[in-house]
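Beneath this line is the structure, given in structure tokens, with notes to follow.
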Amino acid sequence: MYLTMRTVWLLSVGCLLAIAAPRPATAIGWTAVVAVLVCFDVITAPSPRSLRIQRSTARAVRLGETTTSTLTVTCTGRRRVTVQVRDAWPPSTGASHERARLTIPPGERRRTRTVLMPTRRGIRPADFVTVRISGPLGLAGRQASLIAPARLRVLPAFTSRRHLPSRLARLREMDGRSAVMVRGSGTEFDSLREYVVGDDVRSIDWRSTARRGEIVVRTWRPERDRRVLIMIDTGRLSAARLGDGPRLDAHIESCLLMAALASRAGDRVEVVALDVAVRAQVRGQSGPALMSALADTLTPLDAELVETDWTLLASTVRSTLSQRALVIVLTALDGADGESPMVHALGAVARDHAVLLASPTDPDLAELRADHASSEAVYTAAAVERDTVELVRMRNRLRRRGIEVVEAEPAAIAPALADAYLMLKAAGRL
């Protein structure tokens, strides 16, 4: 049962009566009258168990977009009911208009809609719907929580997809679909064409020139059908918040953009997320199926508060790849010393593969380093400066081992990683 504000106001009338007739019997008698009326309201109110609730919602929605949850309430009893409904969702779904008041005749149904705008990625379950039916006096009523299960998958926002068209345009130029085709070291032979002024004389095909009687040059295109393995670090460093979201969300954005770009470039993309164990992996997919599989697999992924096992990462790369490939590692540089397991593991991987490390940086560090307003701020700025020096030292050690390092703020790391990939492909280093 539940009480309404009418009961409170009715009891306050008893206070006035007690002031007018200050005797214990007045207060006791009035309280008893109110109690009887409340019991009458509860007994005569229709049972909420006579209602049938069905909840329907979209299977998935991208983070930052809106969707609706529809509740269908059916009255199976013989009496007309006026019911208050609360569509209960977790706070991170951003539910609004979740409360409604419905009047349902016997045997009929009514619908109400709740607007959902999720603020966090992941799977958001909903189990109960709370219903209230008041009695004829409106003093009290019956309340129940009815089961109406639903699950909403909040997919990654993938805001970096706006950078995809410009990168695909650059890819088409590199791929020879533009008017100019250039030779790059290690690229694949494409076709023959007539020599034009300005062509590199080293690209002349002398056999074809002798056979055709005119100067012919070879044209080249970037390698196709290469393997790209994206490793996502889900350890403790990925749980750090950078701006409005955790570092892991920036990793996922970078992974989605890279997968879309590499897949369109004709490369085979595989994704593995790990820390001390493999948390998720996507293999053997291509085209639209790859992006759909990535969205479904990475949606429930969360950072674990454990130290990443870099030996596991190196062994996973060795067991996955049998020939030279591009290994993209999405992690964070934490300013550890040069003898850290990450440097040794990635150095071993770099001996057999091209390794590209992408690390989102904290956008607040520049502000902290420039703040000298108080003694505490000065100590914080000094700590940031020391951490910056250690990061530079770490970055230099990684590059001496042949590892390309890309650093940018969370909003810029995905396009920066895509640019580094295109640079490697144009140079024929994949």
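Screening the stretch 58-153 for strands (runs of 3 or more DSSP E) wholly inside it with 2 or more residues that are over 30 Å from A250 (Cα atoms) and open to solvent by less than 60 Å² (accessible area, probe 1.4 Å) returns the ranges 67-75, 81-87, 99-104, 122-134.
Look at L248 and say whether it is within 21 Å of the chain's Cα centre (by Cα), in a helix (DSSP H, G or I) and crowded, with 18+ Cβ neighbours inside 10 Å. Answer is yes for this residue.
Taking the conditions exactly as written (touching a strand residue (DSSP E or B) at 6+ places or on another chain (Cβ under 9 Å) and open to solvent by less than 60 Å² (accessible area, probe 1.4 Å)), does L422 satisfy them or not?
Details: touching a strand residue (DSSP E or B) at 6+ places or on another chain (Cβ under 9 Å): no; open to solvent by less than 60 Å² (accessible area, probe 1.4 Å): yes.
For L422, the condition - touching a strand residue (DSSP E or B) at 6+ places or on another chain (Cβ under 9 Å) and open to solvent by less than 60 Å² (accessible area, probe 1.4 Å) - is not met.
Residues considered: A348, A366. Of these, the only one that is farther than 30 Å from R172 by Cβ, over 30 Å from the mean Cα position of the chain (by Cα), assigned to a helix (DSSP H, G or I) and without any contact (Cβ under 8 Å) to a residue 40 or more places away in the chain is A348. Scanning the stretch 377-430 for residues that are outside any helix (DSSP H, G or I) and at pLDDT 85 or above returns R401, G402, I403, E404, V405, V406, E407, A408, E409. Pairing residues of the stretch 383-398 that are under 22 Å from A345 (Cα atoms) with residues that are of a type in the set (F, W, Y) and crowded, with 16+ Cβ neighbours inside 10 Å, at Cβ distances under 6 Å and at least 6 apart in sequence or on separate chains, gives no pairs at all. Filtering the stretch 272-296 to residues that are farther than 19 Å from L155 by Cα and open to solvent by less than 50 Å² (accessible area, probe 1.4 Å) leaves L274, D275, A277. Pick from the stretch 318-338 the residues that are surrounded by 14 or more Cβ atoms within 10 Å (Cβ to Cβ), outside any loop (DSSP other than H, G, I, E, B) and out of contact with any Phe, Trp or Tyr (no Cβ under 8 Å at 6 or more places or on another chain): which of them is modelled with the lowest pLDDT? Restricting to residues being surrounded by 14 or more Cβ atoms within 10 Å (Cβ to Cβ), outside any loop (DSSP other than H, G, I, E, B) and out of contact with any Phe, Trp or Tyr (no Cβ under 8 Å at 6 or more places or on another chain), the top hit is T320. Filtered by the rule that a residue be within 27 Å of A169 (Cα to Cα) and free of Cβ contacts under 8 Å to residues at least 24 places away in the same chain, the stretch 262-282 gives a lone residue, V282. T361 falls short on exactly one of the conditions (1) of a type in the set (V, I, T); (2) surrounded by fewer than 19 Cβ atoms within 10 Å (Cβ to Cβ); (3) farther than 22 Å from V269 by Cβ, and that condition is (2). Scanning the stretch 52-87 for residues that are within 13 Å of P105 (Cβ to Cβ) and of a type in the set (A, V, I, L, M, F, W, C) yields a total of 4. Of all residues in the stretch 297-317, exactly one satisfies the criterion of being in a helix (DSSP H, G or I) and open to solvent by 50 Å² or more (accessible area, probe 1.4 Å), namely T311.
Among the criteria (1) over 44 Å from the mean Cα position of the chain (by Cα); (2) among the hydroxyl-bearing types (S, T, Y); (3) at pLDDT 90 or above, the one T66 does not fulfil is (1). Taking the stretch 374-419 as the region of interest, how many residues are over 22 Å from P246 (Cβ atoms) and open to solvent by less than 20 Å² (accessible area, probe 1.4 Å)? Number of matching residues: 4.
Of the residues R161, R183, which single one is among the basic types (K, R) and modelled with pLDDT of 55 or more? Please lay out each step first, then the result.
Numbers: R183 fails: modelled with pLDDT of 55 or more.
Unique residue meeting the criteria: R161.
Scanning the stretch 19-49 for residues that are surrounded by 12 or more Cβ atoms within 10 Å (Cβ to Cβ) and of a type in the set (D, E, K, R), we see that the one that is nearest to T130 (Cα to Cα) is R49.
The values are calculated or read from the model by the stated rules, or taken from the named source; none is laboratory data. In this text, all values refer to a predicted model and were calculated from it rather than measured experimentally. Reconstructed Cβ throughout: ideal geometry from the backbone, glycine too, with neighbour counts over all protein chains shown. Note: areas computed on protein heavy atoms with side chains; ligands, DNA, RNA excluded. Shrake-Rupley method; radii C 1.70, N 1.55, O 1.52, S 1.80 Å.
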